[in-house]
Amino acid sequence: MSKSLGTSYYRDALREARVDREVALALGGWAGDGGNDETADNYGCGVKATTLFAAISEIGYDLDLMHLYRADYEP
(Lines give C-alpha, C1' and ligand atoms only; values in the text may rest on other atoms or scores of the structure.)
Protein backbone atom coordinates (compact mmCIF):
# COMPACT_ATOMS: atom_id res chain seq x y z
CA MET A 1 0.00 0.00 0.00
CA SER A 2 1.39 3.37 -0.92
CA LYS A 3 1.81 6.06 1.72
CA SER A 4 -0.80 8.30 0.11
CA LEU A 5 -3.33 5.46 -0.09
CA GLY A 6 -2.76 4.54 3.57
CA THR A 7 -3.07 8.18 4.60
CA SER A 8 -6.27 8.44 2.58
CA TYR A 9 -7.81 5.46 4.41
CA TYR A 10 -6.80 6.98 7.74
CA ARG A 11 -8.32 10.35 6.86
CA ASP A 12 -11.51 8.62 5.74
CA ALA A 13 -11.65 6.73 9.06
CA LEU A 14 -11.30 10.05 10.90
CA ARG A 15 -14.21 11.47 8.89
CA GLU A 16 -16.38 8.40 9.51
CA ALA A 17 -15.71 8.72 13.25
CA ARG A 18 -16.85 12.38 13.02
CA VAL A 19 -13.52 13.58 14.43
CA ASP A 20 -13.28 17.37 14.50
CA ARG A 21 -11.17 18.72 11.61
CA GLU A 22 -8.60 20.40 13.86
CA VAL A 23 -8.14 17.21 15.87
CA ALA A 24 -7.93 15.12 12.68
CA LEU A 25 -5.22 17.39 11.29
CA ALA A 26 -3.25 17.09 14.52
CA LEU A 27 -3.58 13.29 14.56
CA GLY A 28 -2.50 13.01 10.93
CA GLY A 29 0.47 15.29 11.38
CA TRP A 30 -1.03 17.73 8.89
CA ALA A 31 -1.42 20.64 11.33
CA GLY A 32 1.12 23.42 11.46
CA ASP A 33 2.90 22.66 8.21
CA GLY A 34 2.50 26.27 7.11
CA GLY A 35 0.81 25.28 3.87
CA ASN A 36 -2.85 26.19 4.12
CA ASP A 37 -2.94 27.30 7.75
CA GLU A 38 -5.29 30.04 8.80
CA THR A 39 -3.79 32.84 10.89
CA ALA A 40 -5.86 31.63 13.85
CA ASP A 41 -4.16 28.21 13.60
CA ASN A 42 -0.89 29.78 14.75
CA TYR A 43 -2.29 30.65 18.20
CA GLY A 44 -2.66 28.41 21.23
CA CYS A 45 -0.83 25.31 22.34
CA GLY A 46 -2.66 22.77 20.22
CA VAL A 47 -4.86 19.87 21.17
CA LYS A 48 -4.47 18.07 24.53
CA ALA A 49 -3.32 14.45 24.53
CA THR A 50 -6.56 13.39 26.24
CA THR A 51 -8.55 14.92 23.38
CA LEU A 52 -6.39 13.11 20.81
CA PHE A 53 -6.79 9.83 22.70
CA ALA A 54 -10.56 10.20 22.78
CA ALA A 55 -10.61 10.82 19.03
CA ILE A 56 -8.37 7.82 18.29
CA SER A 57 -10.67 5.66 20.40
CA GLU A 58 -13.54 6.50 18.05
CA ILE A 59 -11.72 5.32 14.91
CA GLY A 60 -12.62 1.90 13.63
CA TYR A 61 -11.90 -0.28 10.64
CA ASP A 62 -14.14 -3.07 9.39
CA LEU A 63 -11.45 -5.76 9.49
CA ASP A 64 -11.56 -9.45 10.33
CA LEU A 65 -8.20 -10.30 11.92
CA MET A 66 -9.14 -13.67 13.37
CA HIS A 67 -6.68 -15.39 11.01
CA LEU A 68 -3.90 -13.81 13.09
CA TYR A 69 -4.86 -15.67 16.26
CA ARG A 70 -3.72 -19.18 17.11
CA ALA A 71 -6.45 -21.48 18.39
CA ASP A 72 -4.05 -23.25 20.77
CA TYR A 73 -2.61 -20.09 22.36
CA GLU A 74 -3.03 -19.67 26.12
CA PRO A 75 -1.70 -16.50 27.77
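Here are some notes:
- Restricted to segment 15-55, and to residues there that are of a type in the set (A, V, I, L, M, F, W, C) and out of contact with any helix residue (DSSP H, G or I) (no Cβ under 7 Å at 6 or more places or on another chain), the residue that is modelled with the lowest pLDDT is A40.
- Within segment 47-65, being among the small types (G, A, S) and part of a helix (DSSP H, G or I) holds for A49, A54, A55, S57.
The values are calculated or read from the model by the stated rules, or taken from the named source; none is laboratory data. This structure is a prediction, so every number in the text was calculated from the model and none was measured. Note that each Cβ is placed from the backbone with ideal geometry, even for glycine, and that neighbours are counted across all protein chains shown.
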